[in-house]
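Structure, as structure tokens:
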Amino acid sequence: MRSFDVVVIGGGPAGEVAAGRLGDAGLEVALVEQHLVGGECSFYACMPSKALLRPAEVLREVRRIPGAAEAVTGDLDVVAALDRRDEIIHHLDDSGQLPWLDERGIVLFRSHGVIAGEKRVTAGDEEFEARRAVILGSGTGASMPPIEGLREAEPWTNREATTTKEVPARTVIMGGGVVGCELAQAYQSLGSRVTLVEGERRLLPTEEAFACAQVTEALEKLGVDVRTGRKAASVKREDERIVVTLDDGSTADCGQLVATLGRTPNTTDVGLESVGLEPKGYLDVDEHMQVPGHPWLYAIGDVNGRALFTHMGKYQARIAVDHILGKETATRHGADGRQAPRVVFTDPQVAAVGHTTASAEKAGLAVRVVETETSGNAGGSYYGRGAPGTAQILVDPRRGVIVGATFTGAEVADFIHAATIAIVGEVPVERLRHAVPSFPTRSELWLQLLERYED
Ligand SMILES: Cc1cc2nc3c(=O)[nH]c(=O)nc-3n(C[C@H](O)[C@H](O)[C@H](O)COP(=O)(O)OP(=O)(O)OC[C@H]3O[C@@H](n4cnc5c(N)ncnc54)[C@H](O)[C@@H]3O)c2cc1C
């Protein structure tokens, strides 16, 4: 049996960061990855989906700007866009990652890792002892709810949808959350005729209603057939054609069905039962990312279900590693909870952190809602005309701090970090007044928001 200080199962962004930091600290680390080092994010999720969206996003923005718009005479080059996506996902080859592991002395085992008892892991024929800890970062897979005929129709999940070499002529996307909205816009922009089906009354149901309305309008303007408030009742494949029947009796047909119906944690086949844990559902963790009752076992990233984002998995990796190294550390202020920063990379983008008006109300917070136009200032003059955009903050007047922010508009993703600092740092609004944004930048929206709040 080989012995390591720490055995990490799963080399997605969470597991990779954990292994890297432990290696940097001089610990002996084994990383067990059954597929590609870099995980879902690098090859089938964040990276390729943004690569598919970006060319059309840039083109639309340029077409909104007089002077530049006139220079655009051609259409989007779909082949070039897919080639660029392939470059970004390194043609599904993770060899570029391996020197980084080597430099840190991390030993990679390309195998399915299974917990085989306390501080024990097997990976194929190998068996390891983890002297200090086992870190589980096995992530999630696409959910496939029991809709009649769905499995038999062999829908694409995010994996096939983000790595396709050809854009289907007609696509039905089931699920209007973040992944469904992003793929709908990418596919429609790349030439597919997309129907987007969402059972809830609106797309992006957990974000602000105005954000959802602006994204829905943009998708419809592009030609996406958005059908909300109707659930798929059954799916039938007839040779090359797939027909989805909705619960109001209407149908949508396509050559390719894509299911973006949520995520299921990879906890069924990782040996949790060997240490008395239930092998299903998200794995519960405490503020150090330790599994309660099993101080040697940590679960980081999507597998613990706290906040299904790459940045949060990496944050949790840092917390777990610091704890293993004996540092006093814990997640704070619900930083990796449901109100973590999040971006929907559609055009318009939706960037949000902290509460929405609905979640604040649910939490019993009487917030003041302050709004302005994202581009309603001098800096906005340089961005495309006619692109919708709203900036909103929610202030808790009792404490004088911001508890939620949502920005929509062209390229607003980077705005969200200022709001994250204000919220997580609980910076008093009266102090924020003295954080002066440069002229002429769209960040002057902060001035407008704070002035409106004070007025
Ligand atoms: C289409 C799409 C777009 C997304 N876009 C964004 C985005 O823009 N920004 C963002 O922050 N988040 C985004 N996400 C979410 C993001 O992909 C995940 O939050 C992130 O990948 C989670 O990282 P992880 O390390 O926990 O798990 P994963 O990335 O899922 O990695 C888990 C790894 O563990 C391996 N594994 C699993 N079980 C075992 C085992 N038993 N033995 C060995 N190896 C195992 C898997 O092969 C995989 O490599 C997106 C998700 C999707 C589906």
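Could you tell me what percent of the DSSP beta bridges with both partners in the chain are antiparallel, to the nearest 5? Working shown, then result.
Values: 44 of 76 bridges.
Bridges in the chain are about 60 percent antiparallel.
Could you state, as a whole-number percent, how many of the C-alpha pairs of segment 248-350 are farther apart than 19 Å?
Here the long-distance tail beyond 19 Å is 55 percent of all Cα pairs in segment 248-350.
If you stretched the chain out fully between E127 and D248, how much longer would it get, using 0.36 nm times the residue separation minus the C-alpha to C-alpha distance? Let's see the in-between values first.
Details: separation 121, 0.36 × 121 = 43.56 nm, distance 5.40 nm.
Stretched out fully, the E127 to D248 stretch lengthens by 38.2 nm.
Where does each of 57-65, 132-140, 343-351 land if you order them by average Cβ count within 10 Å, highest first?
132-140, 343-351, 57-65
Give the residue list of trypsin sites (Lys or Arg not before Pro) in segment 285-393 that are DSSP loop and have at most 14 other beta-carbon atoms within 10 angstrom.
K327, R332, R338, R385
Working out 0.36 nm times the residue gap between E103 and R241, then minus their Cα-Cα distance, what length gain in nm do you get to one decimal?
Full extension of this stretch gives 44.7 nm more.
Evaluate the Kirkwood expression for the hydrodynamic radius of segment 124-282, namely the inverse of the mean inverse distance over all pairs of different C-alpha atoms, and round to one decimal in Å.
17.3 Å
Considering all projection directions equally, how large on average is the shadow of the alpha-carbon convex hull of segment 35-83, in square nanometres? Write out the running numbers ahead of the final one.
Numbers: hull surface 16.2 nm².
Its average projected convex-hull area is 4.0 nm².
Just grab the label-to-label distance for R338 and R159, each label 7 Å out from Cα along the Cβ direction, in nm (one decimal).
3.0 nm
Ranked highest first by average number of other Cβ atoms within 10 Å, how do 428-438, 390-400 line up? Before the final figure, lay out each step's value.
Numbers: 428-438: 13.1, 390-400: 18.6.
Per-residue Cβ counts within 10 Å, averaged per peptide and sorted highest first, yield 390-400, 428-438.
Quick one: grab the alpha carbon gyration tensor of the chain, order the square roots of its eigenvalues as a ≥ b ≥ c, and give me rounded if a/c is under 1.5, else prolate or oblate depending on whether a/b is larger than b/c.
The shape class here is oblate.
Choose one of V215, V58, L445: the residue whose Cα lies farthest towards the positive end of the charge dipole of the chain (beta-carbon charges +1 Lys, Arg; -1 Asp, Glu; about the Cα centre).
Farthest towards the positive end: L445.
Over all Cα pairs of segment 127-207, how is the pair count split among 10 Å bins, expressed in % and running from 0 up to the last occupied bin?
For segment 127-207, the binned pair fractions read 14, 39, 25, 10, 10, 1 percent.
Please say if segment 67-202 is rounded, prolate or oblate, where rounded means a/c under 1.5 for a ≥ b ≥ c the square roots of the C-alpha gyration tensor eigenvalues, and otherwise the choice is prolate for a/b larger than b/c and oblate otherwise?
Working: a/c = 2.95, a/b = 1.60, b/c = 1.84.
Since a/c reaches 1.5 but b/c is at least a/b, the shape of segment 67-202 is classed as oblate.
When the expected Rg is taken as 2.2 N^0.38 Å, what fraction or multiple of it is the alpha-carbon Rg of segment 1-92?
Details: Rg = 20.0 Å, N = 92, 2.2 N^0.38 = 12.3 Å.
Working it through for segment 1-92, the quotient is 1.63.
Which residues in segment 343-361 place their backbone N less than 11 Å from a point set 7 Å from the Cα of E217 along the Cα-to-Cβ direction?
Zone members listed by number: 348.
Would you kindly compute the Cα radius of gyration of segment 362-406 and its largest Cα-Cα separation (Dmax), both in Å?
Calculated on Cα positions, Rg and Dmax stand at 13.7, 40 Å.
Quick one: the Cα spread of segment 299-431 along its three principal axes, in angstroms, biggest first?
Result, largest extent first: 52, 33, 27 Å.
Each value in this text was obtained by applying a stated rule to the coordinates, not by laboratory testing. Computed from a prediction, not measured in an experiment: that's the story for all the values here. All Cβ positions, glycine included, derive from the backbone under ideal geometry; neighbour counts span all protein chains shown.
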